[in-house]
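Every number here is computed from the coordinates shown, using simple stated rules; none is lab data. Nothing here was measured: the structure is a model prediction, and the numbers come from that model. Note that each Cβ is placed from the backbone with ideal geometry, even for glycine, and that neighbours are counted across all protein chains shown.
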Amino acid sequence: MRRFLIDENITPEYRTQLLRHEPSLKVLAVGDEGAPPKSTSDPEILAWCEQNQFNLVTNNRESMPKHLSDHLAAGNHVPGIFTIKRRVPMRLIIEQLMLIIGASDEDEYIDQITYIPL
């Protein structure tokens, strides 16, 4: 089962829409019970995603590549990071995430940042 952690800087509506399209998904947002608390640092978010096997959905295009590089250099891994472009309609982002879910293996995006829209 694919799992997603929604970054705190992204509207929680993404969770609602993902679950509307695929109710079997596990989708948490930063700040939810069972997820990292709000204001958790990006390196800690990556460690949490690795430990809990969640893909991260973020709009952090500036610092996340460096954090991922550092995380990997330390011998760690992540199931994958999906970085969404701001000012792109949510509908398009959700469609592309659903395409990824349906057309890929869960381990296909390990240790990668995938920019959406594709």
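Counting helices only, and only those DSSP H runs with n ≥ 4, report the 222 nm mean residue ellipticity of the chain as the sum of -39,500 (n - 2.57) divided by its residues, in deg cm²/dmol to the nearest 500.
Values: 4 runs with 44 residues, N = 118.
Counting only the DSSP helices, I get -11500 deg cm²/dmol.
Estimate the FRET efficiency between residue 118 and residue 33 by the formula 1/(1 + (r/R0)^6), using the beta-carbon distance for r and 22 Å for R0, to the nearest 0.05.
Using R0 = 22 Å, I get an efficiency of 0.10.
So how far apart, in nm, are the two label points at residue 52 and residue 72 if each is 7 Å from Cα heading toward Cβ?
For residue 52 paired with residue 72, the spin-label model returns 2.4 nm.
If r is the Cβ-Cβ distance from residue 85 to residue 111 and R0 is 22 Å, what FRET efficiency results, to the nearest 0.05?
After rounding, the FRET efficiency stands at 0.55.
Label points 7 Å out from Cα along the Cβ direction at residue 61 and residue 103: separation in nm?
2.1
Which of these, 44, 22, 62, has the largest mean-square fluctuation under a Gaussian network model of the chain (Cα springs below 10 Å)?
Among 44, 22, 62, the largest GNM mean-square fluctuation belongs to 62.
For region 68-118, what does the alpha-carbon gyration tensor say about shape, rounded, prolate or oblate, given a ≥ b ≥ c as the root eigenvalues, a/c under 1.5 as rounded, and a/b over b/c as prolate?
Oblate, since a/c reaches 1.5 and b/c is not below a/b.
With an 8 Å Cα cut-off and a minimum separation of 6 or more residues, compute the relative contact order for the chain in percent.
Relative contact order comes out at 26 percent.
Summing +1 for each Lys or Arg and -1 for each Asp or Glu, what net charge is found among the other residues whose Cβ lies under 14 Å from the Cβ of residue 52?
In short, -2.
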